[in-house]
Amino acid sequence: MPTLELETMRCELDGHLARLRFNRPEALNAANWAWVQDLVSATDYLAQSTETRVVIVSGEGRAFCSGLDTKELAKGNLTIDWFETWERGVIALANLKAISIASIHGYCLGGGLQVALACDLRIAATNAVLSIPAVREGVVAALGPMRLARLIGAGPAKQLCLLGHRFTPEEGYALRIINEVVDPAQLDERALAIAHELLDIPFTALLHTKEQIDAAFELDTTTQMAAFIVAQEDCLRSPEHARVMEEYRAMQTRPSQEKA
(Lines give C-alpha, C1' and ligand atoms only; values in the text may rest on other atoms or scores of the structure.)
Protein backbone atom coordinates (compact mmCIF):
# COMPACT_ATOMS: atom_id res chain seq x y z
CA MET A 1 0.00 0.00 0.00
CA PRO A 2 1.79 3.20 -1.16
CA THR A 3 1.86 5.78 1.64
CA LEU A 4 2.96 9.41 1.65
CA GLU A 5 4.24 10.20 5.16
CA LEU A 6 4.31 13.91 5.99
CA GLU A 7 4.99 15.78 9.21
CA THR A 8 1.33 16.41 10.08
CA MET A 9 -0.63 13.98 7.91
CA ARG A 10 -0.31 10.86 5.84
CA CYS A 11 -1.92 9.68 2.62
CA GLU A 12 -2.50 5.97 1.98
CA LEU A 13 -3.39 4.50 -1.41
CA ASP A 14 -5.08 1.12 -1.62
CA GLY A 15 -6.23 0.39 -5.16
CA HIS A 16 -9.05 2.80 -6.01
CA LEU A 17 -9.45 3.92 -2.38
CA ALA A 18 -7.27 6.54 -0.70
CA ARG A 19 -7.21 7.72 2.92
CA LEU A 20 -5.99 11.16 3.92
CA ARG A 21 -5.40 11.17 7.69
CA PHE A 22 -4.55 14.34 9.60
CA ASN A 23 -1.88 13.25 12.05
CA ARG A 24 -1.20 15.95 14.60
CA PRO A 25 -3.28 14.46 17.43
CA GLU A 26 -1.35 16.17 20.23
CA ALA A 27 -2.73 19.49 18.92
CA LEU A 28 -6.18 18.13 17.94
CA ASN A 29 -4.94 18.28 14.32
CA ALA A 30 -4.82 22.08 14.42
CA ALA A 31 -3.42 23.65 11.26
CA ASN A 32 0.04 25.18 11.68
CA TRP A 33 2.33 26.19 8.81
CA ALA A 34 3.64 22.64 8.35
CA TRP A 35 0.03 21.35 8.25
CA VAL A 36 -0.94 23.86 5.56
CA GLN A 37 2.06 22.91 3.42
CA ASP A 38 1.35 19.22 3.97
CA LEU A 39 -2.24 19.67 2.77
CA VAL A 40 -0.90 21.04 -0.52
CA SER A 41 1.57 18.14 -0.79
CA ALA A 42 -1.09 15.54 0.04
CA THR A 43 -3.64 16.89 -2.43
CA ASP A 44 -0.95 17.09 -5.13
CA TYR A 45 -0.11 13.46 -4.39
CA LEU A 46 -3.76 12.44 -4.67
CA ALA A 47 -4.26 14.45 -7.86
CA GLN A 48 -1.36 12.56 -9.47
CA SER A 49 -2.82 9.17 -8.55
CA THR A 50 -4.70 8.01 -11.63
CA GLU A 51 -6.03 4.97 -9.73
CA THR A 52 -7.74 6.91 -6.93
CA ARG A 53 -11.50 7.16 -7.22
CA VAL A 54 -12.64 7.67 -3.62
CA VAL A 55 -10.85 9.52 -0.81
CA ILE A 56 -11.77 9.32 2.89
CA VAL A 57 -10.53 12.31 4.89
CA SER A 58 -10.25 11.85 8.67
CA GLY A 59 -8.27 12.89 11.73
CA GLU A 60 -6.17 10.83 14.13
CA GLY A 61 -6.76 11.10 17.86
CA ARG A 62 -9.67 12.98 19.42
CA ALA A 63 -10.50 15.40 16.60
CA PHE A 64 -11.02 15.76 12.87
CA CYS A 65 -9.34 19.18 12.83
CA SER A 66 -9.70 21.91 15.47
CA GLY A 67 -8.97 24.69 12.97
CA LEU A 68 -6.13 27.18 12.80
CA ASP A 69 -3.42 26.72 15.40
CA THR A 70 -4.09 29.59 17.83
CA LYS A 71 -0.38 29.72 18.74
CA GLU A 72 0.42 30.61 15.15
CA LEU A 73 -2.45 33.09 15.19
CA ALA A 74 -1.26 34.80 18.36
CA LYS A 75 2.34 35.00 17.16
CA GLY A 76 1.21 36.84 14.03
CA ASN A 77 2.55 34.06 11.78
CA LEU A 78 -0.58 33.96 9.62
CA THR A 79 0.51 36.01 6.64
CA ILE A 80 -1.29 36.36 3.33
CA ASP A 81 1.07 33.70 1.96
CA TRP A 82 -0.15 31.38 4.73
CA PHE A 83 -3.79 31.93 3.76
CA GLU A 84 -3.09 31.61 0.03
CA THR A 85 -1.28 28.31 0.60
CA TRP A 86 -4.10 27.11 2.84
CA GLU A 87 -6.80 27.84 0.28
CA ARG A 88 -4.70 26.32 -2.51
CA GLY A 89 -4.75 23.01 -0.63
CA VAL A 90 -8.47 23.22 0.09
CA ILE A 91 -9.28 24.09 -3.54
CA ALA A 92 -7.14 21.15 -4.68
CA LEU A 93 -9.09 18.85 -2.36
CA ALA A 94 -12.41 20.12 -3.74
CA ASN A 95 -11.19 19.72 -7.33
CA LEU A 96 -9.86 16.16 -7.02
CA LYS A 97 -10.91 13.84 -9.83
CA ALA A 98 -12.31 11.56 -7.15
CA ILE A 99 -15.23 11.49 -4.73
CA SER A 100 -14.21 12.67 -1.26
CA ILE A 101 -15.81 11.75 2.06
CA ALA A 102 -15.13 13.70 5.27
CA SER A 103 -15.29 11.33 8.25
CA ILE A 104 -15.77 13.74 11.16
CA HIS A 105 -15.36 13.14 14.88
CA GLY A 106 -14.56 15.41 17.79
CA TYR A 107 -13.67 19.00 16.99
CA CYS A 108 -14.33 20.15 13.43
CA LEU A 109 -13.85 23.87 13.89
CA GLY A 110 -12.98 26.73 11.57
CA GLY A 111 -10.46 25.42 9.07
CA GLY A 112 -11.50 21.88 9.92
CA LEU A 113 -15.04 22.61 8.79
CA GLN A 114 -13.67 24.38 5.72
CA VAL A 115 -11.85 21.17 4.77
CA ALA A 116 -15.00 19.14 5.35
CA LEU A 117 -17.01 21.54 3.17
CA ALA A 118 -14.50 20.97 0.36
CA CYS A 119 -15.35 17.26 0.43
CA ASP A 120 -18.25 15.85 -1.56
CA LEU A 121 -19.90 14.03 1.35
CA ARG A 122 -19.72 14.49 5.13
CA ILE A 123 -20.40 11.86 7.78
CA ALA A 124 -20.22 12.94 11.43
CA ALA A 125 -20.08 11.06 14.70
CA THR A 126 -22.49 12.14 17.41
CA ASN A 127 -19.54 13.52 19.42
CA ALA A 128 -18.55 15.99 16.69
CA VAL A 129 -18.47 19.72 17.49
CA LEU A 130 -18.68 22.06 14.51
CA SER A 131 -18.30 25.79 13.89
CA ILE A 132 -16.85 28.37 11.52
CA PRO A 133 -15.80 31.17 13.94
CA ALA A 134 -13.23 33.09 11.84
CA VAL A 135 -14.93 36.49 12.32
CA ARG A 136 -14.47 36.18 16.07
CA GLU A 137 -10.72 35.99 15.44
CA GLY A 138 -10.87 39.04 13.19
CA VAL A 139 -10.30 37.22 9.90
CA VAL A 140 -12.25 35.79 6.94
CA ALA A 141 -12.81 32.03 6.77
CA ALA A 142 -11.02 31.87 3.39
CA LEU A 143 -13.60 30.70 0.81
CA GLY A 144 -15.48 28.65 3.42
CA PRO A 145 -18.46 31.06 3.57
CA MET A 146 -18.86 30.82 -0.21
CA ARG A 147 -18.82 27.01 -0.11
CA LEU A 148 -21.27 26.98 2.78
CA ALA A 149 -23.67 29.37 1.00
CA ARG A 150 -23.59 27.19 -2.11
CA LEU A 151 -24.34 24.14 0.01
CA ILE A 152 -27.14 25.39 2.29
CA GLY A 153 -28.13 28.85 1.03
CA ALA A 154 -27.16 32.38 1.99
CA GLY A 155 -29.45 32.77 5.02
CA PRO A 156 -28.25 29.79 7.08
CA ALA A 157 -24.66 30.38 5.93
CA LYS A 158 -24.77 33.96 7.22
CA GLN A 159 -26.16 32.81 10.55
CA LEU A 160 -23.30 30.32 11.01
CA CYS A 161 -20.50 32.51 9.65
CA LEU A 162 -21.48 35.88 11.11
CA LEU A 163 -22.13 34.57 14.64
CA GLY A 164 -19.57 31.76 14.66
CA HIS A 165 -21.60 29.64 17.08
CA ARG A 166 -20.84 25.96 17.56
CA PHE A 167 -23.45 23.49 16.40
CA THR A 168 -24.11 19.78 16.78
CA PRO A 169 -23.99 17.10 14.07
CA GLU A 170 -27.77 16.80 14.35
CA GLU A 171 -28.15 20.53 13.70
CA GLY A 172 -25.71 20.18 10.81
CA TYR A 173 -27.80 17.32 9.42
CA ALA A 174 -30.96 19.44 9.64
CA LEU A 175 -29.17 22.16 7.65
CA ARG A 176 -27.94 19.52 5.13
CA ILE A 177 -24.29 20.25 5.91
CA ILE A 178 -23.91 16.71 7.27
CA ASN A 179 -25.17 13.79 5.19
CA GLU A 180 -25.27 11.22 8.00
CA VAL A 181 -24.84 11.16 11.78
CA VAL A 182 -23.60 7.92 13.35
CA ASP A 183 -22.32 6.53 16.63
CA PRO A 184 -18.57 7.23 17.07
CA ALA A 185 -17.84 3.49 17.15
CA GLN A 186 -19.48 3.10 13.74
CA LEU A 187 -17.95 6.12 12.00
CA ASP A 188 -15.03 4.46 10.24
CA GLU A 189 -17.11 1.42 9.29
CA ARG A 190 -19.82 3.63 7.78
CA ALA A 191 -17.32 5.78 5.88
CA LEU A 192 -15.78 2.65 4.40
CA ALA A 193 -19.21 1.26 3.50
CA ILE A 194 -20.11 4.41 1.58
CA ALA A 195 -16.67 4.41 -0.07
CA HIS A 196 -17.15 0.84 -1.29
CA GLU A 197 -20.68 1.61 -2.48
CA LEU A 198 -19.25 4.47 -4.54
CA LEU A 199 -16.53 2.18 -5.90
CA ASP A 200 -19.24 -0.12 -7.22
CA ILE A 201 -20.80 2.71 -9.24
CA PRO A 202 -19.37 3.51 -12.71
CA PHE A 203 -16.65 6.05 -12.01
CA THR A 204 -16.96 8.05 -15.22
CA ALA A 205 -20.62 8.75 -14.43
CA LEU A 206 -19.75 9.69 -10.85
CA LEU A 207 -17.01 12.08 -11.90
CA HIS A 208 -19.08 13.82 -14.58
CA THR A 209 -21.99 14.13 -12.15
CA LYS A 210 -19.72 15.69 -9.51
CA GLU A 211 -18.30 18.15 -12.05
CA GLN A 212 -21.76 19.07 -13.31
CA ILE A 213 -23.03 19.80 -9.80
CA ASP A 214 -19.92 21.82 -8.94
CA ALA A 215 -20.23 23.87 -12.15
CA ALA A 216 -23.85 24.71 -11.35
CA PHE A 217 -22.67 27.01 -8.56
CA GLU A 218 -19.41 28.23 -10.06
CA LEU A 219 -18.97 31.96 -9.53
CA ASP A 220 -15.42 32.34 -10.85
CA THR A 221 -13.14 31.11 -8.06
CA THR A 222 -10.26 33.27 -9.33
CA THR A 223 -12.29 36.43 -8.81
CA GLN A 224 -13.50 35.20 -5.42
CA MET A 225 -9.90 34.41 -4.40
CA ALA A 226 -8.68 37.89 -5.37
CA ALA A 227 -11.50 39.49 -3.38
CA PHE A 228 -10.74 37.26 -0.41
CA ILE A 229 -7.07 38.29 -0.34
CA VAL A 230 -8.03 41.98 -0.27
CA ALA A 231 -10.54 41.29 2.52
CA GLN A 232 -8.02 39.26 4.53
CA GLU A 233 -5.36 41.96 4.28
CA ASP A 234 -7.89 44.45 5.61
CA CYS A 235 -8.76 42.10 8.49
CA LEU A 236 -5.12 41.47 9.43
CA ARG A 237 -4.52 45.23 9.64
CA SER A 238 -7.65 45.91 11.69
CA PRO A 239 -7.57 46.94 15.36
CA GLU A 240 -10.16 44.25 16.10
CA HIS A 241 -7.79 41.50 14.93
CA ALA A 242 -4.93 43.06 16.92
CA ARG A 243 -7.08 43.08 20.05
CA VAL A 244 -8.03 39.41 19.68
CA MET A 245 -4.37 38.47 19.17
CA GLU A 246 -3.41 40.38 22.31
CA GLU A 247 -6.06 38.44 24.25
CA TYR A 248 -4.68 35.14 22.88
CA ARG A 249 -1.15 36.08 23.95
CA ALA A 250 -2.39 36.98 27.42
CA MET A 251 -4.18 33.64 27.77
CA GLN A 252 -1.10 31.71 26.68
CA THR A 253 1.20 33.42 29.19
CA ARG A 254 -1.25 33.16 32.09
CA PRO A 255 -0.69 29.43 32.89
CA SER A 256 3.11 29.88 33.14
CA GLN A 257 2.65 32.94 35.36
CA GLU A 258 0.26 31.03 37.62
CA LYS A 259 2.78 28.17 37.97
CA ALA A 260 5.49 30.65 38.89
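Structure values in brief
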quantity: Chain lengthening between Tyr173 and Arg62 when straightened (0.36 nm per residue, less Cα-Cα); calculated: 37.8 nm
quantity: Mean ellipticity per residue at 222 nm, deg cm²/dmol - from DSSP H runs of n ≥ 4 across the chain, formula -39500 (n - 2.57); calculated: -16000 deg cm²/dmol
quantity: Integer Hz, Karplus 6.51/-1.76/1.60 couplings in order for the range 46-61, x for Gly and Pro; calculated: 5, 5, 7, 8, 6, 7, 6, 10, 9, 10, 9, 10, 8, x, 7, x
quantity: Sparsely packed GluC sites (Glu not before Pro) within the range 1-88, loop by DSSP, other Cβ within 10 Å at most 13; calculated: Glu7, Glu51
quantity: Highest average packing first - 129-139, 232-242, Cβ atoms within 10 Å; calculated: 129-139, 232-242
quantity: Charged-residue dipole, Cβ positions (Lys, Arg, Asp, Glu), the range 29-139 about Cα centre, Debye nearest 20; calculated: 280 debye
quantity: Net charge of Cβ neighbours under 15 Å - reference Leu175; Lys, Arg +1; Asp, Glu -1; calculated: +3
quantity: Share antiparallel - DSSP beta bridges, the chain, percent rounded to 5; calculated: 30 percent
quantity: Pair-distance profile P(r), taking every C-alpha pair of the range 128-260, with 5 angstrom steps and integer %; calculated: 2, 8, 12, 14, 15, 16, 13, 9, 6, 3, 2, 1, 0
quantity: Per residue, in Å², the accessible surface of the chain once ligands and nucleic acids are set aside, probe 1.4 Å; calculated: 48 Å²
quantity: Mean separation of Cα contacts under 8 Å, 6 or more apart, over the residue count of the range 148-260: relative contact order %; calculated: 13 percent
quantity: Folded to 0 to 90 degrees: helix 80-94 orientation relative to the chain principal axis, Cα; calculated: 20 degrees
quantity: Cα centroid separation, the range 147-185 to the range 9-56 (Å); calculated: 24 Å
quantity: Cut-off under 5 Å, modelled amide H: who pairs with Thr79 long-range; calculated: none
quantity: Test item: Cα-centred dipole of the chain, Lys/Arg +1 and Asp/Glu -1 on Cβ, debye; calculated: 560 debye
quantity: For the chain, built as a Gaussian network whose Cα springs stay under 10 Å, the top-fluctuating residue of Gly110, Gly76, Gly164; calculated: Gly76
quantity: Max mean-square fluctuation residue, GNM over the chain, Cα-Cα springs under 10 Å, options Ala34, Ala124, Ala195; calculated: Ala34
quantity: Amide H contacts of Asp69 (H built 1.01 Å from N, under 5 Å, at least 5 apart or other chain); calculated: Ala31, Asn32
quantity: Cβ-placed point charges (K, R +1; D, E -1), dipole of the range 3-54 about Cα centre in debye, nearest 20; calculated: 160 debye
quantity: Listed residue (Gln252, Ala47, Gly155) projecting farthest to the positive dipole end of the chain, Cβ model; calculated: Gln252
quantity: Residues whose placed amide H lies under 5 Å from that of Ser100, excluding near-sequence neighbours; calculated: Val55, Asp120, Leu121
quantity: In range of the label at Glu180: residues from the range 30-73 whose backbone nitrogen is under 15 Å from the point 7 Å along Cα→Cβ; calculated: 55-57
quantity: Radius 12 Å from Cβ of Gly61, net charge of other residues (Lys, Arg +1; Asp, Glu -1); calculated: +1
quantity: Formal net charge of residues neighbouring His16 (Cβ-Cβ distance under 9 Å; K, R +1; D, E -1); calculated: -1
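The values are calculated or read from the model by the stated rules, or taken from the named source; none is laboratory data. What you see is a predicted model, and the numbers here were worked out from it, not measured in a lab. Cβ sites come from the backbone with ideal geometry, for glycine too, and all protein chains shown count toward neighbours. SASA here: full protein model, heavy atoms, side chains in, ligands and nucleic acids out. Shrake-Rupley method; radii C 1.70, N 1.55, O 1.52, S 1.80 Å.
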